[in-house]
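These notes concern the structure reproduced below.
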Amino acid sequence: MDLPSVAMLEILSRLSIKSIFRCKTVCKLWYRLLTSDPLFVNMYHTRLSNFPSILLLINGSVQLLVELKADDSHPLHRAIVLSPEFHLPPLEHMSLIGSCNGFICLLNNYYTKNHSVYINNPLLGEYFKVKLPEWERNVCHVAYGFCFRKAFGQYKILRLVIRKFRWDLPKVAELEVYTVGVDKKWRNVGEVPCPDHLRESFDNVNVNGVVHWLENCTSIYSFNIGTEEVKPLPTPPGLKTASWYLTLAELGNCLCLSDNSHSQYVDIWRMKEYGVAESWTKYCILKDSIQLDIRNDRFDLGKW
Amino acid sequence: MASSSKTEQKKMLILKSSEEEEFEIEESIAVQSGTIKNMVEDDFTLIPLPNVDTETLIKIIKYMKKHGEKTKSNEKDIEEFDKEFVKKSFTELKELVLAANYLHITSLIDLLCQAFADRIKNKSVKAIREIFGIPNDFTPEEEAEVYEQHKWAHEEGKEHIDHSAY
């Protein structure tokens, strides 16, 4: 008695990646379903919360993809290491640009002009290289972001490029966008103010379908993933801290800002009403109440 | 005025299995099944279920009755019931999945499919074929090639691979 494919997929989409790959050897139909059936991929992604995966960095470079799964027969959650050669591009110095909806975006060899960007799907064990614009001599800094436009099922890569055309001219920053599978080349979305301090990737601050990054202590810039509108947002009124001490994050679908400049405490601001400067509310954490061995680390707000 | 205690007349339905056996059940409980709900909206009170045999129907009615009396206080109780409910042979589970699918009982489909996944996750490929009654249609060369592609997934290592089909 055969189970219909849909029922089969309901069952298979609840397995861990390792089990799914083992099941590909069962028969040709399963091989096809588990490799390329869009219904399967969809079902799997909607259950992603069951098996979160983490990328492990060793010596500052992404090395392993680990899937966490609960095992009823063991009291502790057990990690399964996914074979690195199969699930990640075989590269040297990889860092993570971002991840959404089951895809991860990786950056290789950032500090060279020949750096490359890859998009990877750990479920299918596949990756491809993204075509980047030609490197220009006047580029002095590039940062990348990765986001997903839910309504259209589109993935977009963002590229903030800072150029200095001449030694005596100020730096100019522009935002470029590339919609995966749609755009033939990168599109320039417009000039943005040059951020004070930016690393190789935008922190994943996505609130309500809008990507945010810090320009300086008085303004935050945002990119609406759907409309591609770029516009500023106010930081907490009166904030004067250098942006080196500030970190932007998303918590509970609200924009948050942490200020680590004080020696005694950490300020965490939360924008209760999106876009309203007066709605920034401050919370204070005494550093003494934080465990000694992590107190001096850079405070990164994040979700567990 | 004489007060007559109004005993609510609970609407009852009759479910008929493929073997023509009939079972009475409260409508409010039976509508956990999307299929039955649709038929009730079309004014059926005798619901023929030609795709569900008696044994399976009895189990499903038991599930619906238990979940029909779900309140905030007996959540633990229902969890225990669910745990015991899925302790069945693969053959029984398969019948239940087919029936739950046909009857559109979302919570039951979820429960059964998760239980299935949990039971097969460490099974060997051979055992999985037996459980689902799937013949191996790979040629030995093809099978070896696919196996090589994902060798890491078949490695035993710390994970125990179960070769039994039960």
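Values in this text are rule-based calculations from the coordinates and carry no lab data. Note that the structure is a prediction, hence the values are computed from the model and not measured. Cβ placement follows ideal geometry from the backbone for every residue including glycine, while neighbour counts extend to all protein chains displayed.
When Lys and Arg each count +1 and Asp and Glu each count -1, what net charge do the other residues less than 9 Å away from A:TYR178, Cβ to Cβ, add up to? Before the final figure, lay out each step's value.
Numbers: positive: A:LYS131, A:LYS156, A:ARG159, A:LYS185, A:ARG187; negative: A:GLU176, A:ASP183.
Charge balance near A:TYR178 sits at +3.
Would you work out the charge dipole size for segment A:149-268 about its Cα centre, treating the Cβ of every Lys and Arg as +1 and the Cβ of every Asp and Glu as -1, and quote it to the nearest 20 debye?
For segment A:149-268, the charge dipole is close to 460 debye.
Sequence-distant or interchain residues sharing an amide H contact under 5 Å with A:HIS141, placed H: which?
Close amide H contacts, sequence-distant or interchain: A:ILE162.
Report the relative contact order of segment A:160-226, percent, no decimals, based on alpha-carbon pairs under 8 angstrom and at least 6 residues apart.
Values: 90 pairs, mean separation 13.2, N = 67.
Rounded, it is 20 percent for segment A:160-226.
Can you pull out the trypsin sites (Lys or Arg not before Pro) in segment B:45-76 that DSSP calls coil and that have at most 10 other Cβ atoms within 10 Å?
On the way: sites: B:LYS59, B:LYS62, B:LYS65, B:LYS66, B:LYS70, B:LYS72, B:LYS76; in loops: B:LYS70, B:LYS72.
Sparse-neighbourhood loop trypsin sites (Lys or Arg not before Pro): B:LYS72.
I need the phi-derived Karplus couplings for segment A:216-225: 6.51 cos²θ - 1.76 cosθ + 1.60, θ = phi - 60°, integer Hz, Gly and Pro marked x.
Working through the residues one at a time gives 7, 6, 10, 8, 10, 10, 9, 10, 7, 4 Hz.
State the extension gain, in nm to one decimal, for the chain segment bounded by A:ASP288 and A:ARG32, taking 0.36 nm per residue of separation less the distance between their alpha-carbons.
Numbers: separation 256, 0.36 × 256 = 92.16 nm, distance 5.62 nm.
Result: 86.5 nm gained on full extension.
Please work out the FRET efficiency for the pair B:ASN51 and A:THR179, using the Cβ-Cβ distance as r and a Förster radius of 41 Å; give the result to the nearest 0.05.
Values: r = 45 Å, r/R0 = 1.11.
Result of the calculation: an efficiency of 0.35.
Quick one: length gained pulling A:GLU228 to A:ASN188 fully straight, 0.36 nm per residue minus the C-alpha distance? List each step's numbers first, then the result.
Working: separation 40, 0.36 × 40 = 14.40 nm, distance 1.06 nm.
Roughly 13.3 nm would be gained on extension.
In segment A:162-235, with Lys and Arg counted as +1 and Asp and Glu as -1 at Cβ, which of these residues, A:TYR221, A:PRO195, A:TRP167, has the Cα nearest the positive end of the dipole, that is, farthest along it?
Checked the options; the winner is A:TRP167.
Pick out, in residue order, every one of the chymotrypsin sites (Phe, Trp or Tyr not before Pro) in segment B:31-83 that is DSSP loop and has at most 11 other C-beta atoms within 10 Å; say none if there are none. Provide the component values of the computation, followed by the final result.
Working: sites: B:PHE44, B:TYR63, B:PHE81; in loops: B:PHE44.
Hits after loop and neighbour filter: nothing returned.
Which cross-chain or sequence-distant (5 or more) residues have an amide H under 5 Å from the amide H of A:GLY98, H modelled 1.01 Å from N in plane?
A:CYS105
Could you tell me what a quarter of the Cα convex hull surface of segment A:224-296 works out to, in nm² with one decimal place? All intermediate terms of the calculation are to be shown ahead of the outcome.
Working: hull surface 24.2 nm².
With the hull built on Cα positions only, its mean projection is 6.0 nm².
Restricting to Cα pairs below 8 Å that are 6+ residues apart, what does the relative contact order work out to for chain B? Please round to a whole percent.
Numbers: 142 pairs, mean separation 31.0, N = 166.
Once divided by the residue count of chain B, the mean separation gives 19 percent.
From the phi angles alone, apply the Karplus equation (6.51, -1.76, 1.60; θ = phi - 60°) to segment A:205-215 and give each ³J(HN,Hα) in whole Hz, x where the residue is Gly or Pro.
The phi angles translate into 9, 10, 10, 6, x, 10, 8, 10, 8, 8, 8 Hz.
What FRET efficiency do you get for A:HIS141 and A:TRP244 if R0 is 22 Å and r is their Cβ-Cβ distance, rounded to the nearest 0.05? Write out the running numbers ahead of the final one.
Numbers: r = 15 Å, r/R0 = 0.70.
Once the sixth-power term is evaluated, E becomes 0.90.
Report the net charge of residues surrounding B:ILE25, where surrounding means a beta-carbon distance below 15 angstrom and charges are Lys +1, Arg +1, Asp -1, Glu -1. Don't skip to the end; give the middle numbers.
On the way: positive: B:LYS10, B:LYS11, B:LYS16, B:LYS37, B:LYS59, B:LYS62, B:LYS65, B:LYS66; negative: B:GLU21, B:GLU22, B:GLU24, B:GLU26, B:GLU27, B:GLU69.
Taking every other residue near B:ILE25 into account, the sum is +2.
Counting each DSSP H run of 4 or more residues in chain B as -39500 (n - 2.57), what helix-only mean residue ellipticity at 222 nm follows after dividing by all residues, to the nearest 500 deg cm²/dmol? Working shown, then result.
Numbers: 9 runs with 89 residues, N = 166.
For chain B, the value works out to -15500 deg cm²/dmol.
Would you be so kind as to identify all helices of chain B, as entire DSSP H runs, whose Cα atoms reach 18 Å or more along the helix's own axis and whose mean Kyte-Doolittle hydropathy is at least -0.5?
Details: long enough: B:54-68 (20 Å, -0.41); B:90-103 (19 Å, 0.67); B:106-120 (21 Å, 0.85).
For chain B, where a helix must reach 18 Å along its axis and average at least -0.5, the hits are B:54-68, B:90-103, B:106-120.
Counting Lys and Arg as +1 and Asp and Glu as -1, each charge on the Cβ, what is the dipole of chain B about the Cα centre in debye, to the nearest 20?
Once rounded to the nearest 20, the dipole reads 740 debye.
Just name one of B:ASN122, B:GLY133, B:ILE105: the one whose Cα is farthest towards the positive end of the charge dipole of segment B:101-141 (beta-carbon charges, Lys/Arg +1, Asp/Glu -1).
B:ASN122
Tell me, what HN-Hα J-couplings in whole Hz come from the Karplus equation 6.51 cos²θ - 1.76 cosθ + 1.60 at θ = phi - 60° for each residue of segment A:140-156, using x for Gly and Pro?
Couplings: 10, 7, 9, 10, 10, x, 9, 9, 10, 9, 4, 4, 10, x, 10, 9, 10 Hz.
Quick check: net charge around B:THR45, other residues with Cβ under 9 Å of its Cβ, Lys/Arg +1 and Asp/Glu -1? Please report the intermediate quantities before stating the final value.
On the way: positive: B:LYS11; negative: B:GLU27, B:ASP43.
Counting the neighbours of B:THR45, the net charge comes to -1.
Between B:MET12 and B:GLU24, what is the label-point separation in nm under the 7 Å Cα-to-beta-carbon projection?
The answer from the label model is 0.1 nm.
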